[in-house]
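Colleague: Structure below; questions to follow.
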Amino acid sequence: MTARTDTLAKYDAALKKCETPDERRAVMRELALRDLFFLLVFVLKQDLINCEWGYDRCRDVQAEPDGYLDLWSREHYKSSIITFGLTIQNLMNDSELTVGIFSHVRSASRAFLRQIKQEFEGNETLRQLFPDVIWEDPKRQAPKWSEDDGITLKRQRNPKEASIEAWGVVDAQPTGKHFDICIYDDLVTRESVKTSHAVKNTMDAYELSLNLGKIGGVRRHIGTRYHARDAYGTMIKRGSVKTRIFAATKDGLTDGEPYLMTREALADKRRDQGQYTFACQMMNNPRLDTVEGFDEKWLEHWPVGHLRGLNLYAVFDPSSGKKQDTGDYTAAWVIGLGPDRNYRVVDMVRDRLALPQRGDLLFAWHRQYDLKGIGYEEYGLQSDLQYFEDRMAQENYKFRITPLGGKLAKSDRIKRLIPVFEQRRILLPFEVNKVDKAGDPHDLVADFVDEEYSMFPVASHDDMLDAMSRILDPDLRAVFPRVRRDGAPVQTTADSSYNELTW
């Protein structure tokens with residue numbers, strides 16, 4: 001007999017002893033006040049929670065409800081148990097409490113409030129057990145009863161806060177309010193990790209929202225991971241929260257025994273969601289196994305100086321530059337391959353450039369650097385090549401541009417860089433300061449690391465990573481220089497020297 005079946009038997013025995021409806025209501029009320037599992041399953045009719053997983057999590061939460069960051073897999077009842085069930089239980093025990101539910105945006109927190117509001121309106125059993133807390137006709141009797149203004153239960157005091165209110169952290173924080181219980185459910189979303197700015201904005205807004213609690217009040221956090229550097233990761237790193245983290249499987253491995261789902265259902269999710277989304281949403285581990293992310297520990301730098309002994313190549317991934325605010329960037333690199341078989345970044349550009357500006361960059365780099373090859377994304381070259389050839393003829397300055405295509409998807413091209421970065425064989429400058437077309441200054445190294453490298457594969461832009469990956473394209477035939485034992489260079493052809501893809 002499991003703990004759950006034993007508890008169910010005790011419920012049944014206690015209720016069978018009741019001889020009158022009043023006695024039964026009194027027992028049910030007492031059980032609902034002190035037993036979260038009973039409240040959820042037998043009063044709030046959350047039948048799915050009546051399983052071993054649901055029972056165990058109710059016991060965990062009831063024993064230690066506050067100060068935790070509960071990261072559980074999707075569809076594992078964390079919001080039902082904590083935001084819905086525990087909130088109702090707290091208010092049934094003390095209707096003077098005030099609760100603020102906060103999500104990334106207010107529309108999401110309203111959905112949590114809506115579920116609780118509808119339960120108070122439609123659950124006759126709940127109203128009969130707690131007539132001293134819940135209005136008989138709340139829409140007509142309650143001082144406040146709406147998703148916008150919050151809902152107010154029966155209480156003696158008259159604070160400015162409703163019993164439960166719903167707010168957004170990023171888009172709709174209130175002012176001048178202070179809640180006994182602050183619940184953060186889905187603070188982190190996909191939108192909150194699209195760029196480093198979005199990550200910082202979410203964390204900044206969360207820090208500001210902490211002033212909406214009370215001295216002696218409590219906080220609860222419920223969510224699922226979206227990225228290793230999301231706001232939850234920052235909270236954990238700071239030690240701001242205790243954690244209860246549950247993957248979809250008992251051993252935390254993708255092929256382990258699931259808590260709730262069948263192995264087949266979990267395998268279907270992994271297939272349909274893709275490796276990274278599955279690792280974040282179902283396993284709560286953005287760095288699980290061979291997840292396609294880059295680690296900042298792998299970054300190496302060099303003080304760009306003399307270029308002697310390097311084979312220099314330029315790689316371009318063009319953009320039309322038509323969408324000035326949201327379009328992809330033209331990303332380009334000058335990369336030097338050294339005799340030590342490392343890749344040294346010599347120059348870089350990330351800007352929204354029109355065709356003439358792309359031409360200016362291409363010609364300037366060819367004149368400035370002794371390039372052994374220029375690779376240009378094939379689709380973009382189809383539209384740009386005629387302009388380049390006309391300009392070469394006009395300036396009597398001709399050079400070869402290699403189209404780079406291939407059948408790999410962009411994400412797969414980028415993932416070729418992971419082992420090279422992991423081996424610390426890509427050396428970035430310490431900084432590359434440039435002014436973009438709009439006149440804004442940028443440190444392109446910082447932009448690359450913050451907005452693309454650290455955010456992959458959920459960054460809103462990955463143009464620089466994609467362009468850099470082209471240094472590994474076989475068609476570019478980029479080779480490392482060979483040296484004799486005395487350090488003198490050896491002239492080689494592309495066919496006779498080392499190539500990363502034919503290691």
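Colleague: Starting from 0.36 nm per residue, how many nanometres of slack lie between Glu422 and Arg34 once their C-alpha separation is accounted for?
Modeller: The Glu422-Arg34 span can extend by a further 134.5 nm.
Colleague: Translational diffusion coefficient of the range 297-502 at 25 °C, 0.890 mPa s, Stokes-Einstein with Kirkwood Rh over Cα pairs, in µm²/s as a whole number.
Modeller: 140
Colleague: Restricting attention to the range 101-174, which trypsin sites (Lys or Arg not before Pro) occupy a DSSP loop and are surrounded by at most 10 other Cβ atoms within 10 Å?
Modeller: Arg157, Lys160
Colleague: In which sequence would Leu355, Leu69 go, from the one with the fewest C-beta neighbours within 10 Å to the one with the most?
Modeller: Ordered by Cβ neighbours within 10 Å, fewest first: Leu355, Leu69.
Colleague: As I understand it, the dipole of the range 163-204 uses +1 on the Cβ of Lys and Arg and -1 on the Cβ of Asp and Glu, about the Cα centre. Which of Ile181, Val193, Ala166 lies farthest toward its positive end?
Modeller: It is Val193, whose Cα lies furthest towards the positive end.
Colleague: Using Cβ contacts closer than 10 Å as the measure, can you line up Ser163, Ser383 from fewest to most?
Modeller: Going from sparsest to densest Cβ surroundings: Ser383, Ser163.
Colleague: As I understand it, the value is the acute angle between the Cα axis of helix 3-16 and the longest principal axis of the Cα atoms of the chain; what does it come to in degrees, rounded to 10?
Modeller: So the helix axis and the longest Cα principal axis differ by about 20 degrees.
Colleague: So which lysines pass the test for Lys297, namely a Cα distance under 19 Å, with those fewer than 8 places away in the same chain ruled out?
Modeller: Counting by Cα, and skipping residues close in sequence, Lys297 has these lysines nearby: Lys237, Lys415.
Colleague: To continue, here is another question. If you take the beta carbon distance between Glu395 and Leu48 as r and set R0 to 60 Å, what does 1/(1 + (r/R0)^6) give as a FRET efficiency, to the nearest 0.05?
Modeller: E between Glu395 and Leu48, to the nearest 0.05, is 0.25.
Colleague: Excluding the sites themselves, what is the longest stretch of the chain that contains no GluC sites (Glu not before Pro) in a DSSP loop with at most 10 other C-beta atoms within 10 Å?
Modeller: 137-503
Colleague: Set the Förster radius R0 to 60 Å, insert the Cβ-Cβ distance between Lys160 and Leu307 as r into 1/(1 + (r/R0)^6), and round the FRET efficiency to 0.05.
Modeller: FRET efficiency, Lys160 to Leu307: 0.35.
Colleague: Step through the residues of the range 114-127 one at a time and calculate ³J(HN,Hα) from phi using the Karplus curve (6.51 cos²θ - 1.76 cosθ + 1.60, θ = phi - 60°), rounding each to whole Hz and writing x for Gly and Pro.
Modeller: Per-residue couplings from phi come out as 4, 4, 5, 4, 5, 5, 5, 7, x, 8, 5, 4, 4, 5 Hz.
Colleague: Note down the magnitude of the dipole of the chain about its Cα centre, charges +1 on Lys and Arg C-beta and -1 on Asp and Glu C-beta and zero elsewhere, to the nearest 20 debye.
Modeller: That gives the chain a dipole magnitude of about 460 debye.
Colleague: OK, next. Output the 0 to 90 degree angle, nearest 10, between the alpha-carbon long axis of helix 21-34 and the longest principal axis computed from the alpha carbons of the chain.
Modeller: For 21-34 against the chain, the angle is about 30 degrees.
Colleague: Output the relative contact order of the chain, whole-number percent, from Cα pairs under 8 angstrom with separation of 6+ residues.
Modeller: After rounding, I find 13 percent.
Colleague: Another question about this same structure. Could you work out the relative contact order of the range 186-233, using alpha carbon pairs under 8 angstrom and six or more residues apart, expressed as a whole percent?
Modeller: 57
Colleague: At a threshold of 8 angstrom on Cα-Cα distance, excluding pairs fewer than six apart, so keeping six or more, what relative contact order does the range 329-483 reach in percent?
Modeller: 32
Colleague: Now for a different question. If you restrict to DSSP beta bridges whose two residues both lie in the chain, what percentage is antiparallel, to the nearest 5?
Modeller: Within the chain, antiparallel bridges account for around 40 percent of the total.
Colleague: Follow-up. If I take the Cα coordinates of the range 1-158 and project them onto the principal axes, what are the three extents in Å, biggest first?
Modeller: That gives 46, 41, 23 Å along the principal axes, largest extent first.
Colleague: Taking the alpha-carbon distance from Lys144 and a cut-off under 21 Å, which lysines remain once sequence neighbours fewer than 8 residues away in the same chain are dropped?
Modeller: Partners found: Lys117, Lys154, Lys160, Lys177.
Colleague: Same structure, new question: Quick one: angle between helix 52-63 and the longest Cα principal axis of the chain, in degrees between 0 and 90, rounded to 10, please.
Modeller: 80
Colleague: Same structure, new question: Place +1 on the Cβ of every Lys and Arg and -1 on the Cβ of every Asp and Glu in the chain, take the dipole about the Cα centre, and give the residue among Thr402, Leu71, Ile101 whose Cα lies farthest towards its positive end.
Modeller: Looking along the dipole axis, the top candidate is Leu71.
Colleague: Could you pull out the trypsin sites (Lys or Arg not before Pro) across the range 322-398 that fall in loop regions by DSSP (anything but H, G, I, E, B) with no more than 16 other Cβ atoms inside 10 Å?
Modeller: When the trypsin sites (Lys or Arg not before Pro) of the range 322-398 are filtered for loop state and at most 16 Cβ neighbours within 10 Å, Lys322, Lys323, Arg341, Lys398 remain.
Colleague: Taking θ as phi - 60°, what are the ³J(HN,Hα) couplings along the range 227-240 by the Karplus curve (6.51, -1.76, 1.60), each to the nearest whole Hz, with x for Gly and Pro?
Modeller: Per-residue couplings from phi come out as 6, 5, 9, 6, 4, 5, x, 5, 4, 5, 4, 6, x, 6 Hz.
Read-outs: derived from the displayed coordinates by stated rules, not from any lab. A quick note: this is a predicted structure, and the numbers were derived from the prediction, not measured. As a convention, Cβ positions derive from the backbone with ideal geometry for all residues, glycine included, and neighbour counts pool all protein chains shown.
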